[in-house]
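Asker: Questions regarding the structure given below will be posed in turn.
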Amino acid sequence: MNSTKLRQLAATNLNQLPALAALLSTCSVSQAALHLGISQPAMSNTLKQLREVFADPLLVRHGNAMIRTPRGELLNQLVTEVLRSIENLIDVGTDFDPAVSERKFIIGARDYIASGFLSALVQCLCVEAPGMSVRIANPLNTEALARGIRDLVIAPPDLPVWRESAGLMKKRLYTDSWVCLTRVGHPAVKHCDGNGDSEDHHGGEGYIPLENYLAASHVRVSIGVDMPTQVDIALDKMGEQRHCVLSVAYFAAVPALVASSDLIAVVPKRCGTYFQTFLPIQLYPPPIPLADIPMAAIWHSRSQEDPAHRWLRNKVFAHIGE
C-alpha cells in the first residue's frame, strides 16, 4: 500500500466499520442500533457521516422499508470480509484454543456435499468450539481462497479452476460415483427374480435398461445455463439424448422431485444415499458409462500454518473423508 493510501486510511474513522456492516445487513437504523447496543439517534448520526464518507446515500426509502443502493450492495459484500480479516488479524500470534475461539470460517461447497457432513461438524463445533462459527457458501474460485473470502473449498480437484492454480493446497477426501435416482416402484426399473428372469414389479436389486432410461422424463442438475453435464456428454458420444423436463442448479432439490414423480435423475451416490434415509427413492447403476468423481479439500497456502484453520480442516477431514 502506497503512502497516499495509508494517509487516506489514517484519516478514516475505522470505528464506523461495525456500524456500516450492521446498517447494510439489516437495512434498518433501529435494528442496527439494537445490534450494536447504541441509541437510534447515535446510529442515525453515524449513517449521516457514512453517507458523507462514501458520497452515497447507502440506504434509501422504499415504501415502509429501506433498501441498499448499488454502492451499498457492493459495500455490504466487502465490509463483512474486512471485519473478518480484522478479527483474524487480532488473533494472529495468540495461542489457539478452540474452546474459547470466536473465529468465523466460510467453507465453499455444493449443497449436497454440505448436507452430508454438516450435522457431524455442527455437533463437533458445539462441543469443542462453541464460540466458532461456519458458513457454507458457493465455492467460487481460487481468488476467493487467496483473498480469504473462502477459507476452505470442497470440490473436484481436477476441475480447471483448481487444477492449475498456484498457491493451493489439496487433500483427497473420497471418490464418489454416479447413480440413477427414481421413486420406489418406477416403471422404468426392471427387477430379477431368483431365477434371473426379468420382472416388472418392485423387488430384487433392479436395473434401468438403456431404452427405458431414454424413454423416461428427466430432471437435470446444471450449474450454468445450457452447460452440458457429464450425462449429456456421455449420451452425445453414444448418439443419444434424454428428454429433460426440468433443470435445476442444486442437487439437494432433486430427491424430493423424484420421490413424487416419474422423473429420473443422475446424482452423486453420496447425495442419493443421504436423501434415501428419509425419502421413498431408489438408487440404481446408470445405464451409461460415467467417470467417478474425486473430491478434495482445497485451501490456500496462506492458511497452511494458521492453527485455527488447521484445526478446522482436520475436523472436516475426519467427518467427510472415506
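The values are calculated or read from the model by the stated rules, or taken from the named source; none is laboratory data. Just so we're clear, the structure is a prediction, and the values are computed from it rather than from any experiment. FYI the Cβ positions are ideal-geometry reconstructions off the backbone, even for glycines, and counts take in every protein chain you see.
Asker: Taking interchain pairs and intrachain pairs at least six residues apart, which have beta carbon atoms under 6 angstrom, with the first residue in region 308-322 and in contact (Cβ under 8 Å) with a residue 60 or more places away in the chain and under 8 Å from Leu173 (Cβ atoms) and the second assigned to a helix (DSSP H, G or I) and not small (Gly, Ala, Ser)?
Answerer: Ile320/Phe117
Asker: Say we look at region 177-201 and pick out the residues that are small (Gly, Ala, Ser) and not in a strand (DSSP E or B); which of these is modelled with the lowest pLDDT?
Answerer: Of everything passing the filter in region 177-201, Gly196 is modelled with the lowest pLDDT.
Asker: List the pairs whose first member sits in region 26-38 and is at positive phi, whose second member is crowded, with 17+ Cβ neighbours inside 10 Å and not aliphatic (A, V, I, L, M), and whose Cβ atoms are under 9 Å apart, counting only residues at least 6 apart or on separate chains?
Answerer: Between residues of region 26-38 that are at positive phi and residues that are crowded, with 17+ Cβ neighbours inside 10 Å and not aliphatic (A, V, I, L, M), the close pairs are Cys27/Arg68; Cys27/Gly72.
Asker: Considering only region 77-176, give the helices (runs of 4 or more DSSP H) lying wholly within it that have at least 2 residues that are among the hydroxyl-bearing types (Ser, Thr, Tyr) and surrounded by 13 or more Cβ atoms within 10 Å (Cβ to Cβ).
Answerer: Per the criteria, 111-128.
Asker: If Ser222 meets every condition in (1) surrounded by fewer than 18 Cβ atoms within 10 Å (Cβ to Cβ); (2) closer than 23 Å to Val153 by Cβ; (3) touching a residue at least 60 places away in the same chain (Cβ under 8 Å) apart from one, which number is that one?
Answerer: Of the numbered conditions (1) surrounded by fewer than 18 Cβ atoms within 10 Å (Cβ to Cβ); (2) closer than 23 Å to Val153 by Cβ; (3) touching a residue at least 60 places away in the same chain (Cβ under 8 Å), the odd one out for Ser222 is (3).
Asker: Which numbered condition trips up Ile233, out of (1) closer than 29 Å to Gly108 by Cβ; (2) touching a strand residue (DSSP E or B) at 6+ places or on another chain (Cβ under 9 Å); (3) part of a helix (DSSP H, G or I)?
Answerer: Status for Ile233: all satisfied but (2).
Asker: Follow-up question, since we're still on this one. Which residue out of Pro255, Pro286 is of a type outside the set (Gly, Ala, Ser), outside the structural domain of Cys124 (by TED's automatic domain parsing) and part of a loop (DSSP other than H, G, I, E, B)?
Answerer: The conditions single out Pro286.
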